[in-house]
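Trainee: A single structure is presented below for examination.
The values are calculated or read from the model by the stated rules, or taken from the named source; none is laboratory data. For clarity, every value in this text was computed on a predicted model and none was experimentally measured. For neighbour counting, all protein chains shown are included, and Cβ atoms are generated from backbone atoms with ideal geometry for every residue, glycine included. Only protein heavy atoms, including side chains, enter the accessible area calculation; ligands, DNA and RNA are left aside. Shrake-Rupley method; radii C 1.70, N 1.55, O 1.52, S 1.80 Å.
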Amino acid sequence: SRLIRVKKDGYVQAVDDEKLFEIACKYDLLLKLIHRPGDFVNQGRVVILAWPGEPVTDEMAEDLADMFVIGNQRTPYQDTMFLTRELIEFAARALSPGQNDPYTAINCINWLGSNLVCLSGRTTPDPRRFDERKQLRVVAEPLAFDRLADTIFDSLRPYVKEDPNVSAHLMDMIRWISPQLHTSSQRQVLQKHAEALKNS
C-alpha cells in the first residue's frame with residue numbers, strides 16, 4: 001500500500017468522503033481510512049492506506065491527504081463524539097472538589113443517556129463502500145454504539161464513584177434507557193457497565 005500522510009498538526013475536522021470515493025473509483029484504488037473526524041493527528045501521520053501503492057503518484061497522494069481538513073480545534077460538523085466529550089467534561093468538572101455541583105453532573109448524565117438511545121435506533125453504516133461493479137473502494141469504521149457507551153461510562157466512572165447520589169443516578173440512567181435500546185447486544189454493553197459501576 002501507499003501510505004498517505006498529512007502535512008500539519010491538528011484535529012481532523014472533516015473528511016470529504018465523496019471525493020475520496022470518486023478518486024478511488026477513477027484510479028481503481030482501495031482506500032482504508034485510518035483516522036476519523038475528532039482524531040488528533042501530527043505532521044506525517046498516516047491517515048489513509050491506498051492499494052495498490054504503485055500507481056499512486058506523489059501528486060495523487062497530496063490530493064488524497066487534502067481530503068482531510070485539519071484545524072486547531074475539534075468541531076461538531078462531522079465529529080459525532082465532540083458534544084459527547086463536552087458533556088463528559090462538564091460532568092467531571094462539576095464533580096471536582098472545587099465545584100461540588102452534582103446537579104450539573106446529573107443533567108449531563110441525562111443528556112448522555114438520550115444520546116445513547118438516539119444512536120441505538122440508527123442503523124450502523126457499513127464500513128465498506130462499493131462501486132457500481134461491486135468493487136470495494138473505501139473502508140472507514142463508523143461510530144458504533146458500544147464505542148459511544150464505553151467512552152461515556154469509562155470516562156465518568158472514576159468521578160461518579162466519589163458521589164453516591166450521582167453514582168446512583170448513573171445506574172438509574174442505565175436502568176431507564178435499557179428497555180428503549182433496539183438490540184440485545186446493546187443491552188449487554190450496558191449490563192457490562194452496570195457491573196463495573198457496581199464494583200467500582
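Trainee: Here is a check on your reading of the model: is G38 under 16 Å from L143 (Cα atoms), open to solvent by less than 40 Å² (accessible area, probe 1.4 Å) and not aromatic (F, W, Y)? Explain how you work it out, then say what you get.
Mentor: On the way: under 16 Å from L143 (Cα atoms): yes; open to solvent by less than 40 Å² (accessible area, probe 1.4 Å): yes; not aromatic (F, W, Y): yes.
So G38 fits the description; yes.
Trainee: Identify, from the list V12, V47, the residue that is within 24 Å of Q135 (Cα to Cα), surrounded by 20 or more Cβ atoms within 10 Å (Cβ to Cβ) and within 22 Å of the chain's Cα centre (by Cα). It would help to see each step written out before you state the result.
Mentor: On the way: V12 fails: within 24 Å of Q135 (Cα to Cα).
Checking each option against the conditions leaves just V47.
Trainee: Can I ask one more? Quick check on the range 156-170: of everything there that is under 17 Å from W111 (Cβ atoms) and aliphatic (A, V, I, L, M), which residue is surrounded by the most Cβ atoms within 10 Å (Cβ to Cβ)? I'd like the intermediate steps shown before the answer.
Mentor: So in the range 156-170, the residues under 17 Å from W111 (Cβ atoms) come out as 156, 159-160, 166, 169-170.
After this cut, where a residue has to be aliphatic (A, V, I, L, M) as well, the list is 156, 160, 166, 170.
Working: L156: 25, V160: 25, V166: 23, L170: 27.
Here the residue is L170.
Trainee: What's the total number of residues in the range 41-93 that are in contact (Cβ under 8 Å) with a residue 40 or more places away in the chain, aliphatic (A, V, I, L, M) and over 30 Å from I106 (Cα atoms)?
Mentor: 12
Trainee: Look through S178, S200, S184 and report the one residue that is open to solvent by less than 30 Å² (accessible area, probe 1.4 Å) and either out of contact with any helix residue (DSSP H, G or I) (no Cβ under 6 Å at 6 or more places or on another chain) or of a type in the set (S, T, Y) (or both). Even if it seems obvious, please write down each step before you answer.
Mentor: On the way: S200 fails: open to solvent by less than 30 Å² (accessible area, probe 1.4 Å); S184 fails: open to solvent by less than 30 Å² (accessible area, probe 1.4 Å).
Just one listed residue meets the conditions, S178.
Trainee: Quick check: is even one residue across the range 173-189 farther than 19 Å from G121 by Cβ and without any contact (Cβ under 8 Å) to a residue 40 or more places away in the chain?
Mentor: No, every residue in the range 173-189 fails to be farther than 19 Å from G121 by Cβ and without any contact (Cβ under 8 Å) to a residue 40 or more places away in the chain.
Trainee: Evaluate the following for T80: is it surrounded by 15 or more Cβ atoms within 10 Å (Cβ to Cβ), more than 25 Å from K161 (Cβ to Cβ) and not charged (D, E, K, R)?
Mentor: yes
Trainee: Checking I4 against (1) open to solvent by 20 Å² or more (accessible area, probe 1.4 Å); (2) modelled with pLDDT of 95 or more, which single condition isn't satisfied?
Mentor: It fails just one condition, (1).
Trainee: Go through the range 132-180 and report how many residues are part of a loop (DSSP other than H, G, I, E, B), aliphatic (A, V, I, L, M) and over 19 Å from the mean Cα position of the chain (by Cα).
Mentor: Let us first name the residues in the range 132-180 that are part of a loop (DSSP other than H, G, I, E, B), namely 132-135, 140-144, 161-163.
Right, trim to aliphatic (A, V, I, L, M) and you get 140, 143-144.
Add one more test, that the residue is over 19 Å from the mean Cα position of the chain (by Cα), and what stays is none.
So the count comes out to 0.
Trainee: Another question, if that's okay. Looking at the range 15-35, which of the residues that are β-branched (V, I, T) and buried (at least 18 other Cβ atoms within 10 Å of the Cβ) is farthest from A65 (Cα to Cα)?
Mentor: We begin by selecting, within the range 15-35, every residue β-branched (V, I, T); these are 15, 23, 34.
Within this subset, residues satisfying the condition of being buried (at least 18 other Cβ atoms within 10 Å of the Cβ) are 15, 23.
Numbers: V15: 10, I23: 12 Å.
Of everything passing the filter in the range 15-35, I23 is farthest from A65 (Cα to Cα).
Trainee: Yes or no: the range 136-150 includes at least one residue that is farther than 29 Å from P179 by Cα, surrounded by fewer than 17 Cβ atoms within 10 Å (Cβ to Cβ), touching a residue at least 40 places away in the same chain (Cβ under 8 Å) and not β-branched (V, I, T).
Mentor: yes
Trainee: Count, please, the residues in the range 51-74 that happen to be under 17 Å from E18 (Cβ atoms) and open to solvent by less than 20 Å² (accessible area, probe 1.4 Å).
Mentor: Going through the range 51-74 one residue at a time, the tally reaches 3.
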